[in-house]
1. Across segment A:424-464, which residue is nearest to the chain's Cα centre (by Cα) among those that are under 27 Å from B:GLY321 (Cβ atoms) and of a type in the set (S, T, N, Q)?
2. Which residue is nearest to the other protein chains (Cβ to nearest Cβ), if the candidates are limited to segment B:627-672 and must be over 18 Å from A:TRP187 (Cβ atoms) and in contact (Cβ under 8 Å) with a residue 24 or more places away in the chain?
3. Considering only residues that are in contact (Cβ under 8 Å) with a residue 40 or more places away in the chain and facing another protein chain (nearest Cβ under 8 Å), look in segment A:335-352 and name the one that is farthest from the chain's Cα centre (by Cα).
4. Which residues, counting only those in segment A:108-137, are surrounded by 20 or more Cβ atoms within 10 Å (Cβ to Cβ) and under 26 Å from the mean Cα position of the chain (by Cα)?
5. At least 2 residues that are free of Cβ contacts under 8 Å to residues at least 12 places away in the same chain in each: list the helices (runs of 4 or more DSSP H) lying fully within segment B:368-455 that qualify.
6. Looking for whichever is within 27 Å of A:LYS193 (Cα to Cα), of a type in the set (A, V, I, L, M), within 25 Å of the chain's Cα centre (by Cα) and modelled with pLDDT of 95 or more here; the options are A:ALA30, A:ALA74, A:ALA56. Which one fits?
7. For the list (1) touching a residue at least 40 places away in the same chain (Cβ under 8 Å); (2) surrounded by fewer than 23 Cβ atoms within 10 Å (Cβ to Cβ); (3) in the same structural domain as B:LEU264 (by TED's automatic domain parsing), I need the number of the one condition that B:THR146 fails.
Protein chains: 2
Amino acid sequence: MPNQWIRPGDNPDLTKERKTCTFDTDELTANLYGSRHAMERRREITEKVATDPDFANPILHEFLTREKRIEATAKKTRALVQRGPELCDVTNPGEMWHLVNEAIGIEGYPLGLHYVMFLPSLYGQADEELAAEIIPRAMTLQIIGTYAQTEMGHGTNLRELETTATYDKKTQEFVIHTPTRSAMKWWPGNLGKMSNYAVVACQLYIDGKKIGPHNFLVQLRCEKTHQPLPGITVGDIGPKIGYNTADNGYLAFDNVRIPRKRMLMKHAKVSPDGTYTHPIHSKLSYGTMVHVRAHMIYTHGHMLATAATVATRYSAVRRQGRIEQGGPEVQILDYQTQQHRIFPQIARAYAMMFTGLEVKSLYAKYLEEIAKGQADLLPDLHAITSGLKSVVTHMAALGIEQCRMSCGGHGYSDASGLPKLYGVQIGGCTYEGENMVMLQQTARYLMKAVKWAGQGKSLSHSVAYMAKPTIGKKSLIGMEGGDISREHEVILETLEHVSRRLYTEASQLWEKRIKAGETKERAWNGVTVEMNRASRAHTRLFMARAFHRRLLSSPSSIRSVLTDLFSLYLHYECVDMAHHLLEDGHCNGGQIQYLKKRLYEDLTTLRPNAVSLVDSFEQSDRELNSVLGRRDGNVYEELYQWAKKSELNYTDVLPAVEKYMKPMMEENRSKL
Amino acid sequence: MPNQWIRPGDNPDLTKERKTCTFDTDELTANLYGSRHAMERRREITEKVATDPDFANPILHEFLTREKRIEATAKKTRALVQRGPELCDVTNPGEMWHLVNEAIGIEGYPLGLHYVMFLPSLYGQADEELAAEIIPRAMTLQIIGTYAQTEMGHGTNLRELETTATYDKKTQEFVIHTPTRSAMKWWPGNLGKMSNYAVVACQLYIDGKKIGPHNFLVQLRCEKTHQPLPGITVGDIGPKIGYNTADNGYLAFDNVRIPRKRMLMKHAKVSPDGTYTHPIHSKLSYGTMVHVRAHMIYTHGHMLATAATVATRYSAVRRQGRIEQGGPEVQILDYQTQQHRIFPQIARAYAMMFTGLEVKSLYAKYLEEIAKGQADLLPDLHAITSGLKSVVTHMAALGIEQCRMSCGGHGYSDASGLPKLYGVQIGGCTYEGENMVMLQQTARYLMKAVKWAGQGKSLSHSVAYMAKPTIGKKSLIGMEGGDISREHEVILETLEHVSRRLYTEASQLWEKRIKAGETKERAWNGVTVEMNRASRAHTRLFMARAFHRRLLSSPSSIRSVLTDLFSLYLHYECVDMAHHLLEDGHCNGGQIQYLKKRLYEDLTTLRPNAVSLVDSFEQSDRELNSVLGRRDGNVYEELYQWAKKSELNYTDVLPAVEKYMKPMMEENRSKL
């Protein structure tokens, strides 16, 4: 069966791998990106960007200072804005995402927050008058904006934000102020240097009364000079583990006055005389969060796919050591430990992207629903995306590091592309809701779901299984040599049992503490580790089910390889969660041994398709940004070409040596 | 009981924490660093460096380019060399290690490899004549050297090194040559820019016959100009995830001739006429490896301690959210999830450092032994340090990231110091023997040990328990409310059972494959994941036993807090390895539930001592290099002062904006 990526001049080991492919890589790629058309559009964009001088990198980012990286990115951003429509359909979010990935990369760019947060919050929260004034200017990039919510002292707990917006009836203005050091806005992307406007979350005060957090449009910099306006202190918060091309910023206000109409008043309002009107739909804003998290699930799967591509291709090219005495040096992909490190990451990347696709389409359904005035889908979607955000980001991070370490020493070099990838990706564990908090949100929803089930109410999509009875212990027995689809279903039911049981036990622990006299809240704090454990199991079940649904609806040409991949995924999950399978005796040791045996068989089964499975992610060399992961496998020569560009190689004798080490040695020689 | 670190002006939440300390922090610190004297010497060094202008940082490394960082480090290095003896006892490795940590940091410096690899290999392998010529010059730093072994294409598998040293009888020279691109030396520290000499590992060829890898002293750069010598290509390999202050290098030879006497001929020899004499003790070189790995165990524990210190102090200072409705915002250290993330890392850091101390003293014993002509201790020490190197480096890495993420957004900033720490520490999973390979070495030794046990031979230190019978299943039952030291022993015996069982089962799997017709080697490749699993369990048992031995020999003043810490350590290990405890029915679900309950109790028990336990690591603010981990807890103001120094804040309007974003916005405005 055809792997589409064999080219003359490729590393022969990679060509050999591609020739053992048993499926049509195009078919899998199309499935992964939604359709053949979408796949082809991706390819067109990739090709255009690759040959476009506006997006060329005269010096690789790895060898530039932050300031110079940002400058190079700003240059590309301007070209992107000016020429976007000729490069892709700018109204198609999938195409735009790919274009930005190709043209700019994953470390951030000056308009990231403008499009993802500034514009959506204006659309969603500005009243008609303000929207009419500002949105056209923002849409046409006459101004650049961001969204400033997080403060130095408060991220997760929004209700405690310290920045104040005090209404002054006399002048019909709000006075925006930063009362303490910890009240400084801290972290918002593109805030430090790029944006001249921001939507700023402040505590609203009217007549000395604290109303709570609301959003205000504030101009930060002069439109002409780009200098900060009077009363505004703004700057970059410094280097980070990742996103160093973004100017995450700080911001403080010294009694800055803005007109009343710059409050975002689509929902809550303050009238000229200071009368406050409450918003009607206070939960509507959850929709945006759900949307962002759904997107994260997909993109973090995509980042894990990057790492898996690099590790798999490099492991096919790298030869080291022997399995048989006297045999040739083997491709390191032949070692069981290497397969065990990498193949599950391939499976997980697929699982995450498939889950992301499902959740995105659920979100689209929700939007249809809300247009009809209903919001029934939201709570379930909110709960599962919270859990997924947490599980996927952490799982992807661990996977990326396993892939990186599987590349040995070269994985440690920036030439592998993986250090930067990890730095960017791991941020997802923290932003958009800290992972431990996210899991608790899922747990609270599960708790309600069980209560509803007890009351005979029907349960939504992600939690419906909570009302199912467990079919009986030891359900894994007798699967050997049986029907693979039956095995999959039995394992999925086992995972359902695990999630139900963990949740039930955590609930009982909670109730026990309450009965023993603790308040509900304190008792909750005593069981959160167990609650989060249950949430993880629930979320991992959801991912397995989403992968399974995708498998069942996949075309026959890729059904077989996806079945193998799904088997690996399930067996790996079971072994990884064996503790939970065993704890209540639902499974016994023999069954775990069986699952391990199956897992090791899966590794062998997938071996001939490993390279083709990562080829099907179809990430271009430019997206991979990795000497090790190149499609052509010509790693070693390129490694040398890459290293020669190191800033330390600009001179043969480094200034540090000239100034310090050479004089030191000379001095020591002259002493004798 | 006194925590020694309360000072006026400290963050009141940290002072409050220090006042609840139940032990003498000095006593624990002294125990951790070997003695009161050692502790006091550490303090003296810390104080001297803190106030010494030679070691001041006019600009923090975080805001410098690599070239400038290296220059700043070279400056400090020269001061260190010139003034070392006034700062510490330079013959005491512990003091030197601390001095380098304080004065220079952990990211590498120009003499790192000179002291750790170049000089030791000359001492160990140069014959008398070469030693007399070169060692005095190296000792007095008239030259700087490194050790060049790893090549682009071969790291782990030394026998396949490609660099050749061909003996030319006529001229009595070796011709050193790099025959292929992948043969380039790649990675050696300080090779790129600093060293003018190197010990180079080459394949020795005599009369067309390949003899195998041997070491040669090669001059790389002119002593006067520091320019590379003819035939030598040398440079820096570029930026990495960590160690960016080190000039890891590449090196290629174009038929470079060196005198015969520059071969390191203490063991193997080549006579003028080309006669080759084999080395006598081929295993002696393992000693150095063991030494380096023993040191790594301690230092990686120390790095985890850095992260635990930062996370614990910051979590005491940070207030966010409420546990009780209407209550005040709580210190985030009060959340169970936060304790569950951080406290086990404190316990593990102690466990690693205690284990490191034990292994170091075993190594000292081995040196005494070898002086008497025996080497019986070596195989056991080699096996356990291989396992420990693998388990400790990976466990520390996961722990550092948990600590970093527990600091929320601020942990993601370089201001936390943790991104750099992770970058440096994670390298340990790869260098000095790739972790997967290390675990297999341990497994092979365990296999032999069981064989010896079967033959009635007595077993060495780390594997003696392999010959013990398991005392009976369900040994954990009935521990509730019992004697804590009895509980510890029962858990340790349980871990012994787990390790024995996992190893036995992996062996059986191996034999089964051999019986089914596979070669031994291929069969091994089919069971390495299981073998490595067994090695990890064995190694974790060793760490628990080492911690326990330290506990039993600790003074009564710290016995109680160490007992609490050890309990947490054991319970966490058991829950983390519950899969293995449950699999064969040795424990049941009820016992795991019991262990979890104990674990959550431990978190509460340790809470009042958490800050004091990390204070006892006694890492100075300079070592921590973290705005979040400062001893005084004054985090928020310093965060702002730190960020203001960002290179992006040198101008209010960034060149990138001036050049690209401002014109873009102006153009868009003018269009209307």
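1. A:GLN425
2. Here the residue is B:GLU647.
3. So, considering only residues that are in contact (Cβ under 8 Å) with a residue 40 or more places away in the chain and facing another protein chain (nearest Cβ under 8 Å), the one farthest from the chain's Cα centre (by Cα) is A:GLN336.
4. A:GLY108, A:TYR109, A:PRO110, A:LEU111, A:GLY112, A:LEU113, A:HIS114, A:MET117, A:PHE118, A:SER121, A:LEU122, A:GLN125, listed by residue number.
5. B:408-412, B:435-454
6. A:ALA74
7. (2)
Let's see how each residue does on (1) in contact with an Asp or Glu (Cβ under 6 Å, 6 or more places away or on another chain); (2) more than 20 Å from A:VAL392 (Cβ to Cβ):
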{"position": "A:VAL527", "(1), (2)": "no, yes"}
{"position": "A:MET531", "(1), (2)": "no, no"}
{"position": "A:ALA534", "(1), (2)": "no, no"}
{"position": "A:HIS538", "(1), (2)": "no, no"}
{"position": "A:ALA544", "(1), (2)": "no, no"}
{"position": "A:SER554", "(1), (2)": "no, yes"}
{"position": "A:SER557", "(1), (2)": "yes, yes"}
{"position": "A:VAL561", "(1), (2)": "no, yes"}
{"position": "A:LEU565", "(1), (2)": "no, no"}
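The values are calculated or read from the model by the stated rules, or taken from the named source; none is laboratory data. Nothing here was measured: the structure is a model prediction, and the numbers come from that model. Reconstructed Cβ throughout: ideal geometry from the backbone, glycine too, with neighbour counts over all protein chains shown.
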